[in-house]
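A short worksheet on the structure shown next.
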Amino acid sequence: MSFFRCPLCGAPLAEEDRALRCPGGHAFDRAKEGYVNLLPVHQKHSKAPGDDKGMAAARRAFLEKGWYFPLREALCRIAAEETGPAPAVLDAGCGEGYYTAGVREALLAAGKAPVIAGIDISKFSLQKAAKKYPDIEFAVASAYRLPVAAGKADLLLNVFSPLALEEFRRVLKPGGVYLYVVPAAYHLWELKEVLYEKPYLNEEKETPYEGFAYLDILPVSYSIHLPSQEDIHALFQMTPYYWKTGREGAERLAGLESLDCRVDFRVHVFRRA
Ligand SMILES: C[S@@+](CC[C@H](N)C(=O)[O-])C[C@H]1O[C@@H](n2cnc3c(N)ncnc32)[C@H](O)[C@@H]1O
Ligand SMILES: [Zn+2]
């Protein structure tokens with residue numbers, strides 16, 4: 001059986017060679033890379049939603065170099081500590097799968113038998129994810145309409161992706177854990193100093209979301225040294241600034257040969273009440 005449910009009728013999906021199929025006869029073909037598209041046409045609000053091909057490639061290139069490895073390690077540690085022997089894990093807005101796969105490895109290394117799935121609205125990201133991580137089930141879907149049964153997940157990951165609270169409340173098992181990674185005050189500060197005349201610090205919030213109890217807020221902060229324009233550009237391209245920055249700022253950044261930059265995350269750790 002698939003981790004996922006039929007997006008049209010909510011029934012379980014049986015796994016066939018090239019498709020997922022519900023008892024009602026709704027079928028969803030596997031793309032050649034191995035992911036399935038579970039986003040019904042009427043829920044698709046643009047032709048190519050989510051990260052585009054260039055952004056997915058930049059994210060893959062950047063993450064592969066290990067610049068955010070300490071964040072992944074932090075997520076892996078919490079995942080191993082907070083789950084039982086056979087956890088169901090969902091990564092909502094998983095991108096190209098770096099954290100999804102990291103958490104899977106960590107749970108296996110801890111002697112557990114995890115079942116792991118990732119969804120993202122970008123097919124370009126999932127092409128990369130599914131190809132590299134064939135043991136994880138990936139589906140194109142919206143975080144706001146998860147094709148997942150109520151109470152299915154023991155652990156939910158959300159790394160820099162949309163906060164779809166209602167759906168997250170629905171799919172998390174009572175007692176399940178939700179890891180929500182957000183940028184902290186100084187995240188990418190030196191990059192912003194190059195891009196903007198007057199950069200702003202990120203706001204740090206602590207919101208008591210209904211149905212979730214705070215277990216912890218874990219800061220993950222350090223500096224990275226990006227040694228080439230290629231690395232700098234990959235980082236720039238995976239940030240929201242890529243679309244918002246004026247020409248002058250982008251040109252200043254393009255003139256740099258290297259960049260020392262702070263990364264500053266906060267991992268909000270919640271338990272589903
Ligand atoms: C900043 S990226 C983070 C990706 C990944 N978690 C990581 O950290 O590498 C945000 C991701 O959210 C996805 N996304 C945007 N809107 C979405 C939605 N409504 N449902 C699911 N994913 C969405 C984008 O396609 C993109 O992959
Ligand atoms: Zn169905």
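Couple of notes before you dig in:
- Residue check, GLY24 in contact (Cβ under 8 Å) with a residue 12 or more places away in the chain, surrounded by fewer than 16 Cβ atoms within 10 Å (Cβ to Cβ), in a helix (DSSP H, G or I) and among the small types (Gly, Ala, Ser): no
- Restricting attention to the stretch 120-142, the residues that are among the basic types (Lys, Arg) and either in contact with a helix residue (DSSP H, G or I) (Cβ under 8 Å, 6 or more places away or on another chain) or part of a strand (DSSP E or B) (or both) add up to 2.
- So TYR178, is it away from ligand 1 (no atom under 12 Å from the Cβ) and under 13 Å from the mean Cα position of the chain (by Cα): yes
- Selection within the stretch 74-122 - of a type in the set (Gly, Ala, Ser), touching a residue at least 60 places away in the same chain (Cβ under 8 Å) and within 10 Å of ligand 1 (Cβ to nearest atom): ALA92, GLY93, GLY95, SER122
- Count of the stretch 44-59 residues, restricted to those that are exposed (fewer than 15 other Cβ atoms within 10 Å of the Cβ) and either touching a Lys or Arg at 6+ places or on another chain (Cβ under 6 Å) or hydrophobic (A, V, I, L, M, F, W, C) (or both), is 1.
- Within the stretch 1-38, the residues that satisfy the criterion of being more than 9 Å from ligand 2 (Cβ to nearest atom), among the charged types (D, E, K, R) and farther than 18 Å from SER142 by Cα are GLU15, GLU16, ASP17, ARG18, LYS32, GLU33.
- Where MET238 falls short, out of the listed (1) over 24 Å from ALA80 (Cβ atoms); (2) in contact with a helix residue (DSSP H, G or I) (Cβ under 9 Å, 6 or more places away or on another chain); (3) modelled with pLDDT of 95 or more: (3)
- Residue within the stretch 45-58 that is within 16 Å of ligand 2 (Cβ to nearest atom), free of Cβ contacts under 8 Å to residues at least 40 places away in the same chain and over 24 Å from VAL269 (Cα atoms) present: no
- Residues that are over 24 Å from ALA56 (Cβ atoms) and either surrounded by 18 or more Cβ atoms within 10 Å (Cβ to Cβ) or charged (D, E, K, R) (or both), drawn from the stretch 81-114: GLU81, GLU82, THR83, PRO87, ALA88, LEU107, LYS112, PRO114
- ARG60 falls short on exactly one of the conditions (1) within 27 Å of LYS173 (Cα to Cα); (2) within 16 Å of ligand 1 (Cβ to nearest atom), and that condition is (1).
The values are calculated or read from the model by the stated rules, or taken from the named source; none is laboratory data. Note that the structure is a prediction, hence the values are computed from the model and not measured. Every residue, glycine among them, receives a Cβ derived from its backbone with ideal geometry; neighbour counts consider all protein chains shown.
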